[in-house]
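J.: Mind looking over this structure? Questions follow.
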Amino acid sequence: MTSRIPRDSRLHLVRTPSPRAERRAEAERGQGRGPLGGPGAVTQRRARRPAPPPPEGTPAPAELARMARAGLAGAVRAARWAENALRPAPGTARLSAADRTAQATAPAGTTGALSDAAAERAAADLDVTVHQLRADWDAARLAGLVEVHGTAARPGWRLRAWDRDDAAVLRGWVALFDAWSLVHPAPAELPPATVAETVEAVPQLLSFLQLSAGPVPVPQLLDLLDQRVRELRTERCEIPYGPQEDPGRATDPGPADPADAHDVPLADLLAWALRALAAVDALTCADGQATLTPLGSWAVWVKLEQICVAAQSPAGNIEQSAEDMLRGCARLRPNAARAEYRAWLAARDAGSAVTELLDAARGEDALLRGLAFEALRVVGAPAEPDVRAVADVASLRPYALLWLAEHEGTDPEDVHLVLTREESTWLWVDTAAAVADHGEAELLVRHLESAPQPTVPALLDEVRTVGHPRTVQVLVALAAAHPDPALAKAVRRAAFQVHTGGV
């Protein structure tokens, strides 16, 4: 997609190249890079190695999706309530699908939480308690079933694909799984610093549970948590505050107790983490033992193997809709993707093709938004009036402005200057959402380099206020992927602040 400096863009989607870009593309082809920039992309000289199969006993994707749908049934009901609550009354003028989606909103606070009146109305309509309704609403937001825009909420793209697209269902569940510490926040009496350490240590506990392939006693997990927390503190060279006892006069303290490190109640922290993970159906905990659910085991395995589930198509998209064609081209090399775009466009009237591409771009899948404008670059001049007409649509404006600047001959090295700082930040979040949904964890980490802000703290400050509906999910995914514990901690804090409306 597009970044502050196009040549440094890590989500290297297709664009009509300048001579300078052609030379860079030749260099990239020599290094075997694909359009998503990562090592897993398709190359022209070497077939992609098939992904390893999941562990024996892992349910089929359809069964996993059924489990995810069952676990998120309450969240889906809350999201569908939001979609239908303000549907136009009978007898009013018939609306287009886009207008109907825009008007089918439910009142929400500026933090994304339902107002008291809306929560009571939804609870009554759905015959649940207000507490349960709010929990379902939060789950719907974090799973991408609901998107909050200002003081209104609307259904997300995953909700529309929920009944027919198993991959969208599983990605939604994984988004909720990544946000487990937001679904069930830590009790206020627990020290925030040690809560953050626990969040950093949980992936190791989950990996141990997945490799154990069965119940694990909670005391064993507590020992592992204590070990991991001590390692984190050692890596930071942390020295306890206050006067230290003279080593020469120290007495044998006896065996170390896991809960004694800095007087941190690790047992309480572990209990909270297990409850939070159980709340998203990642594990079960009974009789003093924890066991990953099939969904939890599959999700941890996917993360351990760094598998990216994305459509790959060598060709043959000419008869597909614009959305399906773009998905089929998502991992093709630049030249192959452009050939697919040209073949698809040649079989259609230019006007209807442009309309169909812009309709695909209006959806909530950020990857399709970027790819649609890459296809419009192949269209060229015939697309200019339609692209100019959508320049005032908030979600399309950065892409349209960049397209128009390039069409008018702006140097690719300077094209980013047509965007304001806010528009560049919005585009960075949108690109990150595409990477989070369709790319690899390493690619999401590298995407930090393309941010318009010079430092990560400056980026987080502006991301909090940019108003992109996927901000929390992007920050949670970035924190889960980043190897630097301190930076991941700051990103998680920013995600929590956006989620709760903090500063």
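J.: Can you confirm whether the stretch 183-194 contains a residue that is surrounded by 18 or more Cβ atoms within 10 Å (Cβ to Cβ), in contact with a Phe, Trp or Tyr (Cβ under 9 Å, 6 or more places away or on another chain) and modelled with pLDDT of 85 or more?
T.: no
J.: Wholly within the stretch 361-427, which helices (runs of 4 or more DSSP H) include no fewer than the required count, namely at least 1 residues that are surrounded by fewer than 16 Cβ atoms within 10 Å (Cβ to Cβ)?
T.: Filter on the stretch 361-427 gives 384-389.
J.: Still on this structure, I have one more. Residues to consider are Leu176, Leu170, Leu145; find the one that is touching a Pro at 6+ places or on another chain (Cβ under 9 Å) and under 15 Å from Ala477 (Cβ atoms).
T.: Checking each option against the conditions leaves just Leu170.
J.: Of the residues that make up the stretch 154-161, is at least one of a type in the set (Phe, Trp, Tyr) and modelled with pLDDT of 80 or more? Can you show your working first?
T.: Restricting attention to the stretch 154-161, the residues satisfying the condition of being of a type in the set (Phe, Trp, Tyr) are 157.
Filter again for modelled with pLDDT of 80 or more, leaving none.
So far as the stretch 154-161 goes, no, none of its residues is of a type in the set (Phe, Trp, Tyr) and modelled with pLDDT of 80 or more.
J.: Mind checking whether some residue in the stretch 444-456 is among the hydrophobic types (A, V, I, L, M, F, W, C), touching a residue at least 60 places away in the same chain (Cβ under 8 Å) and open to solvent by less than 10 Å² (accessible area, probe 1.4 Å)?
T.: Yes, the stretch 444-456 contains a residue that is among the hydrophobic types (A, V, I, L, M, F, W, C), touching a residue at least 60 places away in the same chain (Cβ under 8 Å) and open to solvent by less than 10 Å² (accessible area, probe 1.4 Å).
J.: Now a separate question. How about the stretch 446-503: which helices (runs of 4 or more DSSP H) wholly inside it have at least 1 residues that are over 16 Å from the mean Cα position of the chain (by Cα) and at pLDDT 85 or above? Give the steps one after another, and end with the answer.
T.: Details: elements: 456-466, 471-481, 485-500.
Result: 456-466, 485-500.
J.: So, Ala286, is that one at pLDDT below 85, open to solvent by 70 Å² or more (accessible area, probe 1.4 Å) and under 30 Å from Pro61 (Cα atoms) or not?
T.: no
J.: Turning to a different aspect of this structure: If Asn317 satisfies every condition in (1) touching a helix residue (DSSP H, G or I) at 6+ places or on another chain (Cβ under 9 Å); (2) open to solvent by 20 Å² or more (accessible area, probe 1.4 Å); (3) modelled with pLDDT under 85 but one, which is the exception?
T.: (2)
J.: Cβ-Cβ under 8 Å, sequence separation 6+ or interchain: first residue in the stretch 335-355 and open to solvent by less than 20 Å² (accessible area, probe 1.4 Å), partner among the aromatic types (Phe, Trp, Tyr) and in a helix (DSSP H, G or I). Which pairs?
T.: Ala353/Trp344
J.: If the requirement is being farther than 22 Å from Pro155 by Cα and either acidic (Asp, Glu) or touching a Ser or Thr at 6+ places or on another chain (Cβ under 8 Å) (or both), which of these qualifies: Arg377, Arg362?
T.: Details: Arg362 fails: farther than 22 Å from Pro155 by Cα.
Unique residue meeting the criteria: Arg377.
The values are calculated or read from the model by the stated rules, or taken from the named source; none is laboratory data. Quantities reported herein were computed from a predicted structural model and do not represent experimental measurements. We place every Cβ from the backbone using ideal geometry, glycine too, and count neighbours over all the protein chains shown. To get the accessible areas, we keep the full protein, side chains included, count just its heavy atoms, and leave off ligands, DNA and RNA. Shrake-Rupley method; radii C 1.70, N 1.55, O 1.52, S 1.80 Å.
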